[in-house]
Structures are given as structure tokens and as C-alpha cells.
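This report refers to the structure that appears directly beneath it.
The values are calculated or read from the model by the stated rules, or taken from the named source; none is laboratory data. Note that the coordinates shown come from a computational prediction; the quantities given were computed from them, not determined experimentally. Cβ coordinates were reconstructed from backbone atoms using ideal geometry, including for glycine residues, and neighbour counts include every protein chain displayed. For accessibility, only protein heavy atoms count, side chains too; no ligands or nucleic acids. Shrake-Rupley method; radii C 1.70, N 1.55, O 1.52, S 1.80 Å.
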Amino acid sequence: MLLGQKSDPATAALGRRRGGFSTKLHLLAESGGKPMTLVLTAGDRHELRVAEQVMQQGSVKRSGCGRPSIRPKQIVADKGDSNRLFHAHLKRRGIRDTITRKSNQHRGGSFDQGSYQTRNRVERLIHRLKQFRRIATRYEKRAADYAAMLTIVSILLWL
């Protein structure tokens, strides 16, 4: 990049929010609370735009022979992922979901509060990632470099 040239917002994954520039980290975690895959977007981008992309990236090795499983049995998410079309997408693929509904949405079906409390593992995972100063303050300018650092930290959490 030349001096004085503005960086591309897509490569920086920065978006303007109330508090300034920010980045959103969308991740898929296994049931034990360890990261499997992650996607970075600008802070002003909605979660549903990358929800399917995040779900397509993670794969789990089967216990027997065969191809790795891409489809999770259940997904637990927050209100940001609550959408009629997303619920229909999960239902078509045979994935059970536990997503709290927004206050303006019609409540369809029962809500399993016990399985929703497992979302706490994802919140704790994000806090464990941010214990590394380089992740919490985002020293890297480019999103690819920041994602590489997140991958290294994720590997450290798996060890």
C-alpha cells in the first residue's frame, strides 16, 4: 500500500460503531468450549450475514469411517441470530436450535433454557481469547493478520 492511500475496509474488517471502530468475531465452538472456526467482520455488520458461512467451515471427524461431519446436531445462539429465515434454514438441515426470540417475534415452540445456558461456554471462550493482549487490543491492521493471531491463540487453547 502506498503512503497516503486509504486501506480497503473489507481487508481491515473494521466498522464504525458508537464507541469507534470495531471488529466482530463470529466463532463456532465445540460443546466443550474450544474454538473450531472463526470469521471476522466489520463491527457494523449483522451476525446473520455470516452465520451460514461460519456453520459451513467447521467439520468434526466421525468416530468410524466416512467423511467429516459438517452439520452440527444443535446450535445455541443469542438474539442477534434470531430470524425466521435462519430458523427455517436450520430446520431444513435437521439442526435443533436454541435461540432466544426477540421481543417483537412470535414465540414458536418451546424454549429449552437448560441448553441455552451452555451458551455461557462460548462467552467464556471469547474472554479466554481476550486474555491475550494482542487479541484484546487488536494490534494488527489487516484482518488476515488478526485472524492469524486468533488462530494461533486458538491452537494454544487446544493444547
How many residues, within region 120-139, are crowded, with 16+ Cβ neighbours inside 10 Å, without any contact (Cβ under 8 Å) to a residue 60 or more places away in the chain and of a type outside the set (A, V, I, L, M, F, W, C)?
-> 1
Taking interchain pairs and intrachain pairs at least six residues apart, which have beta carbon atoms under 6 angstrom, with the first residue in region 83-103 and free of Cβ contacts under 8 Å to residues at least 40 places away in the same chain and the second open to solvent by 50 Å² or more (accessible area, probe 1.4 Å) and polar (S, T, N, Q)?
-> Arg96/Gln74
In region 18-71, the residues that are in contact with a Leu (Cβ under 8 Å, 6 or more places away or on another chain), assigned to a loop (DSSP other than H, G, I, E, B) and under 19 Å from Arg93 (Cβ atoms) | Gly58
Might you check whether a residue that is closer than 15 Å to Leu27 by Cβ and surrounded by fewer than 16 Cβ atoms within 10 Å (Cβ to Cβ) occurs anywhere in region 88-111?
-> no
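When residues of region 59-84 are filtered for being over 30 Å from Lys102 (Cα atoms) and not charged (D, E, K, R), how many remain?
7
Among the listed residues Val54, Val39, which satisfies the condition of being touching a residue at least 12 places away in the same chain (Cβ under 8 Å), under 19 Å from Leu156 (Cα atoms), touching a His at 6+ places or on another chain (Cβ under 6 Å) and surrounded by 13 or more Cβ atoms within 10 Å (Cβ to Cβ)?
Working: Val54 fails: under 19 Å from Leu156 (Cα atoms).
Unique residue meeting the criteria: Val39.
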So which residues in region 131-146 are at pLDDT below 90 and of a type outside the set (Phe, Trp, Tyr), if there are any at all?
-> Arg134, Ile135, Ala136, Thr137, Arg138, Glu140, Lys141, Arg142, Ala143, Ala144, Asp145
